[in-house]
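A.B. asks: Quick one: this structure, given as structure tokens, is what I'll be asking you about.
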Amino acid sequence: MMIANRFIPPATTSPFRDDVLDGLTRKSKTLPSRWLYDERGSELFEAITSLPEYYPTRIETDILRDSAADIGGLIERGAALVEYGAGASTKTRIILDALKSPRYYVPIDISGEFLLTAARRIEAAYPALHVAPRVADFLGTVALPQSIQGAPRLGFFPGSTIGNLTDLEIHSFLARCKASLGTGARFLLGYDLRKSPDILIPAYDDAQGVTAAFNLNILARINRELGADFDLSQFKHLAVWNEAQSRVEMHLESLTQQTVTLGAVQIRFVAGETIHTENSRKFCQDAMRRMCSAAGWSTLREYSDADNQFAVVMLKSDDLPS
Ligand code: AVI
């Protein structure tokens, strides 16, 4: 017997497709920045981190090196390091080397292949360490291995990725980390500080055009994965400093009036219209302290470079008295 009005989802539905259609049919067009990171996007981002203009990676790495002894002194022996996002392992190694006989390393990343390669490298370099990668979106709920609850726990979120999140996302991420890391946990967080647009704009619009390629790659991904017909030569990468929101915005500007087809949907652009693809927020230390505190973390230490370009904070979970 046929069941009338039964809902049959279209075969082509996917979170990527849903986000793209939602973002590109709005009055102000947007695309969520997480979709910038397909394989090519991740390679391009890796290349960005060693550009002369892109200061955050270099400065944060220096801060971690300079503060390693102090960081190590704040964490008890036999700790579990839980890293949110598995990046290039340089910063991870600085922290593992600073800790006294670390026992566990739990890297969490949405990209399984990337995560497992990074995890294997760490495993080979630290034979005494139990490496337990978790393939997951760290903005969602992540089940940590039960075994680490018996060890001192240190969350690690470097790279100023926190600056790509909204206030609400930051709050729920930090609150969730506190709940899952548990009583007595510590958390090491790297974030970018406010500074002159003369430094910020070149960092997000470099002379070699790597950031432009990174931004435009999202259109190539939409073409490849969703069968759209974006002409990449008709869009231009823009990096804009938004003073009121204290953020660098990445946009893709349509160079002409044009229509792009995505399946049955036609997306119209007027010349000069943009697709907003990423926010990279720059914080002042007071504001970050308040956000962390609102999510149940108090600030134990603040580390920075001599020019106050970037900050790393060591947080302590505010545990309720039992
Ligand atoms: C991943 N994230 C912290 C980078 C940033 O600086 O916001 C992404 C990026 N976008 C352009 N350049 C780098």
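Okay, residues lined up against (1) open to solvent by less than 20 Å² (accessible area, probe 1.4 Å); (2) closer than 20 Å to Asp38 by Cβ; (3) away from the ligand (no atom under 16 Å from the Cβ); (4) out of contact with any Leu (no Cβ under 6 Å at 6 or more places or on another chain):
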{"residue": "Asp97", "(1), (2), (3), (4)": "no, no, yes, yes"}
{"residue": "Ser101", "(1), (2), (3), (4)": "no, no, yes, yes"}
{"residue": "Ser111", "(1), (2), (3), (4)": "no, yes, no, yes"}
{"residue": "Leu129", "(1), (2), (3), (4)": "yes, no, yes, yes"}
{"residue": "Leu139", "(1), (2), (3), (4)": "no, yes, no, yes"}
{"residue": "Ala143", "(1), (2), (3), (4)": "no, no, yes, yes"}
{"residue": "Gln146", "(1), (2), (3), (4)": "no, no, yes, yes"}
{"residue": "Leu154", "(1), (2), (3), (4)": "yes, no, yes, no"}
{"residue": "Thr161", "(1), (2), (3), (4)": "no, yes, no, yes"}
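A.B. asks: Looking at segment 261-276 only, could you name the residues that are in a strand (DSSP E or B) and farther than 15 Å from Thr30 by Cα?
C.D. replies: Thr261, Leu262, Val265, Gln266
A.B. asks: Restricting attention to segment 268-284, which residues are open to solvent by 30 Å² or more (accessible area, probe 1.4 Å) and not hydroxyl-bearing (Ser, Thr, Tyr)?
C.D. replies: Of everything in segment 268-284, those that are open to solvent by 30 Å² or more (accessible area, probe 1.4 Å) and not hydroxyl-bearing (Ser, Thr, Tyr) turn out to be Arg268, Val270, Ala271, Gly272, Glu273, His276, Asn279, Arg281, Cys284.
A.B. asks: Ok, one more. Please state which of the following conditions Leu219 fails to meet, knowing it meets all the rest: (1) farther than 28 Å from Thr92 by Cα; (2) open to solvent by 40 Å² or more (accessible area, probe 1.4 Å).
C.D. replies: Of (1) farther than 28 Å from Thr92 by Cα; (2) open to solvent by 40 Å² or more (accessible area, probe 1.4 Å), only one is false for Leu219: (2).
A.B. asks: Within segment 205-225, track down each residue that is small (Gly, Ala, Ser) and outside any helix (DSSP H, G or I).
C.D. replies: Hits for segment 205-225 are Ala207, Gly209.
A.B. asks: Restricting attention to segment 309-318, which residues are surrounded by 13 or more Cβ atoms within 10 Å (Cβ to Cβ) and out of contact with any Cys (no Cβ under 8 Å at 6 or more places or on another chain)?
C.D. replies: Within segment 309-318, Gln309, Phe310, Ala311, Val312, Met314, Lys316, Ser317 qualify.
A.B. asks: So for segment 175-187 (the condition being buried (at least 16 other Cβ atoms within 10 Å of the Cβ), over 19 Å from Pro107 (Cα atoms) and not aromatic (Phe, Trp, Tyr)), does at least one residue qualify?
C.D. replies: The answer is no, given that none of the residues of segment 175-187 is buried (at least 16 other Cβ atoms within 10 Å of the Cβ), over 19 Å from Pro107 (Cα atoms) and not aromatic (Phe, Trp, Tyr).
A.B. asks: From the list Val260, Val265, Val248, pick out the single residue that is within 13 Å of the ligand (Cβ to nearest atom) and open to solvent by less than 60 Å² (accessible area, probe 1.4 Å).
C.D. replies: When all the criteria are applied, what remains is Val248.
A.B. asks: Is it true that Ile71 is open to solvent by less than 20 Å² (accessible area, probe 1.4 Å), in contact with a Leu (Cβ under 8 Å, 6 or more places away or on another chain) and assigned to a helix (DSSP H, G or I)?
C.D. replies: yes
A.B. asks: Shifting gears a bit: Could you check Lys27 against (1) touching a residue at least 24 places away in the same chain (Cβ under 8 Å); (2) open to solvent by 10 Å² or more (accessible area, probe 1.4 Å); (3) over 21 Å from the mean Cα position of the chain (by Cα) and say which number it fails?
C.D. replies: (1)
A.B. asks: Return the residue satisfying two criteria in turn: it lies in segment 30-68 and is crowded, with 17+ Cβ neighbours inside 10 Å and acidic (Asp, Glu), and of such residues it is farthest from the ligand (Cβ to nearest atom).
C.D. replies: The extreme case among them is Asp38.
The values are calculated or read from the model by the stated rules, or taken from the named source; none is laboratory data. Just so it is clear, the structure is predicted and the values come from calculations on it, not from any experiment. Heads up, the Cβs are rebuilt from the backbone with ideal geometry, glycines too, and the neighbour counts pull from every protein chain shown. To get the accessible areas, we keep the full protein, side chains included, count just its heavy atoms, and leave off ligands, DNA and RNA. Shrake-Rupley method; radii C 1.70, N 1.55, O 1.52, S 1.80 Å.
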